[in-house]
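Undergrad: The structure under discussion is supplied below as structure tokens; questions concerning it will follow.
The values are calculated or read from the model by the stated rules, or taken from the named source; none is laboratory data. Everything quoted here is computed from the prediction, not taken from an experiment. Here Cβ is always computed from backbone atoms with ideal geometry, including for glycine, and neighbour counts include all displayed protein chains.
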Amino acid sequence: MRHGRAGERAAPVVISSHDAGQAQSNRGKSAGRVSAGRPMLDRRVVELVQRGWMILEAATADVEVAESQPTPSEEMLWSCRSTLAEAVRAWEALKAELGPQTVRAALEAPTTSALELSPTGSRGRSVALVLIGGFTYAAVRVPGVELAPIQWRIIRLRGHHEIDPYYVCRLADGAIQCDCAEWTYRIAETERHGKAHCKHSAALVELGWI
Ligand SMILES: [Zn+2]
């Protein structure tokens with residue numbers, strides 16, 4: 001079912017500087033409570049940290065894409081770099097407020113929310129960022145087929161290990177499947193089939209998307 005083009009990951013994620021500052025302006029007064037060395041996380045803190053991290057990764061990816069262009073425009077470079085600088089400032093402020101333990105725990109917590117982005121030319125479909133296992137993925141709903149009516153294409157924004165997209169599907173019989181190694185080798189052919197999720201399908205189930 002993997003039929004996407006690896007080259008699509010190079011498409012820049014358009015994220016406005018307003019979004020980059022959002023993590024900081026939304027912080028409010030809620031902070032993680034720490035008891036006996038183990039952070040007690042409320043959902044709002046988890047959401048704040050996960051969104052802040054996704055914004056930071058998206059801004060970093062945009063700078064990487066802009067800088068890798070053969071003839072990058074100065075205006076584009078400046079815009080991407082200033083968005084990144086703003087995202088870094090917001091992230092550092094959040095870390096300073098919550099503490100590294102709470103931040104780590106929030107990044108490892110189940111996916112709580114997605115960041116909707118403006119359409120980026122991916123055939124006009126809107127893209128959302130989703131944090132899965134501490135990494136930011138761009139997720140796009142793609143047209144389903146009779147055997148798999150609901151399908152999502154997800155691809156990691158950064159990192160060298162996962163350059164191809166994964167397809168997470170709900171099949172006509174209600175079963176959920178993914179084409180990642182975790183699902184293919186640890187779930188598909190075992191007694192866990194139909195009961196277990198890989199990290200990708202678990203995140204989309206958590207969001208109610210699949
Ligand atoms: Zn998977």
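Undergrad: Of the residues that make up segment 138-149, is at least one crowded, with 20+ Cβ neighbours inside 10 Å, within 11 Å of the ligand (Cβ to nearest atom) and either at pLDDT 95 or above or assigned to a strand (DSSP E or B) (or both)?
TA: Among the residues of segment 138-149, not one is crowded, with 20+ Cβ neighbours inside 10 Å, within 11 Å of the ligand (Cβ to nearest atom) and either at pLDDT 95 or above or assigned to a strand (DSSP E or B) (or both), which makes the answer no.
Undergrad: Suppose we filter segment 184-210 for residues that are within 19 Å of the chain's Cα centre (by Cα) and within 11 Å of the ligand (Cβ to nearest atom); how many remain?
TA: So the count comes out to 8.
Undergrad: Report the residue count in segment 48-72 for those that are more than 12 Å from the chain's Cα centre (by Cα) and not aliphatic (A, V, I, L, M).
TA: 9
Undergrad: For segment 155-183, how many residues are away from the ligand (no atom under 14 Å from the Cβ) and under 28 Å from VAL46 (Cα atoms)?
TA: Final tally of qualifying residues: 5.
Undergrad: Let me ask something else. Against the condition outside the structural domain of ILE55 (by TED's automatic domain parsing) and at pLDDT 90 or above, how does ILE187 come out, does it pass?
TA: Against the criterion (outside the structural domain of ILE55 (by TED's automatic domain parsing) and at pLDDT 90 or above), ILE187 does not qualify.
Undergrad: Residue under question is GLU75, and the condition is that it be loosely packed, with under 12 Cβ neighbours inside 10 Å, more than 17 Å from the chain's Cα centre (by Cα) and either part of a helix (DSSP H, G or I) or at pLDDT 50 or above (or both); does it hold?
TA: Answer is yes for this residue.
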